[in-house]
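No lab work stands behind these numbers, since they all come straight from the coordinates. All of these numbers come straight from a predicted model, not from anything done at the bench. Cβ coordinates were reconstructed from backbone atoms using ideal geometry, including for glycine residues, and neighbour counts include every protein chain displayed.
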Amino acid sequence: MQKYPELAKSLVQNFVVFEITQIPRNRNKNADALSKLASLLYDHFTKKVMMEVLARKSTDEDTLMTTITVDEDCWMTPYIRYLTNVTFPEDKLQVRGIRMRTPVYHFKDVILYRKSFTEPYLRCVGPTQAKEIIQEMHEGACSTHSGYRTIVRRIKRKGYFLPHMYRDTYDLIVNCEACQIHAPVNRYPRRNMIPIHAAWPFCKWGIDIVCPFTRGVGNIKFLLVAID
């Protein structure tokens with residue numbers, strides 16, 4: 001139902017003057033009867049009422065697939081080249097490190113996957129893809145602006161893998177303006193409070209008697225002042 005007022009608001013912007021008029025109930029009987037036809041057996045209405053069955057809702061729009069930019073050269077490139085026996089880095093230490101980490105990866109159909117013992121294969125993504133995925137998980141259509149640990153778990157459940165997931169997710173979420181506005185305010189001091197010790201008795205407070213005033217109720221004329 002939320003899509004209908006949103007569609008109406010978008011159409012209202014095209015008009016110069018717009019006015020809403022409430023129709024009384026006694027003049028709205030035809031609309032009520034038509035709304036109830038959907039829940040009735042309307043086989044016997046076909047000869048009397050002209051009806052049209054819509055294939056889809058009037059608020060449905062054509063789904064647009066979001067294009068994700070694929071990085072040509074990123075952290076996955078050395079592993080893909082090593083698994084396909086194309087080229088190897090000239091640095092021997094770098095080749096050794098890639099050779100030790102390569103068994104946890106699997107390359108199939110031009111896609112690099114990350115193996116796991118308790119989870120299915122996770123598709124590896126580049127920095128640009130990782131940023132778009134994190135933003136969609138955090139502030140997308142079905143997001144709740146959760147913390148970075150929850151976002152990482154959701155990314156894994158969706159079947160994606162990116163190195164330094166916790167650090168990259170935290171760096172992007174910590175700058176979210178909506179989270180900073182709606183986050184609960186911490187009332188605790190940012191640093192530990194340092195107590196100040198008294199150098200001598202009564203050095204933090206004092207008592208004084210103000211000069212006598214005109215006598216008031218109860219024959220009172222002095223004012224006793226205590227300062228902390």
Chain lengthening between N175 and V12 when straightened (0.36 nm per residue, less Cα-Cα): 55.2 nm
Please list 202-211, 143-152 highest first by mean number of surrounding beta-carbon atoms within 10 Å per residue. 143-152, 202-211
Length-normalised contact order for segment 77-182 - Cα pairs under 8 Å, 6+ apart - percent: 18
Express in nm, to one decimal, how much length is gained between R123 and T59 on full extension, taking 0.36 nm for each residue of separation and deducting their alpha carbon distance. 19.6 nm
A 23 angstrom limit on the alpha carbon distance is what I want to check against. Which of K131/K156; K108/K156; K9/K29; K131/K158; K108/K158; K36/K57 exceed it? K9/K29
Roughly how many nanometres apart are two label points built 7 Å out from the Cα toward the Cβ at I196 and R157? 5.2
Scan around Y105 for amide H atoms under 5 Å from its own, H built in the peptide plane at 1.01 Å from N, and keep only partners 5 or more places away or cross-chain. K115
Per GNM of the chain with C-alpha springs under 10 angstrom, the most fluctuating residue out of E90, E119, E132 is E90
Of all chymotrypsin sites (Phe, Trp or Tyr not before Pro) in segment 91-131, the ones in DSSP coil with at most 16 other Cβ atoms within 10 Å are F117, Y121
I want to check the label-to-label distance for E132 and E90. Put each point 7 Å from Cα in the C-beta direction and report it in nm to one decimal. 3.4
Neighbourhood net charge (11 Å Cβ-Cβ; Lys/Arg +1, Asp/Glu -1) for E136: +1
Report the local net charge at S146: Lys and Arg +1, Asp and Glu -1, summed over other residues whose C-beta lies under 12 Å from its C-beta. +2
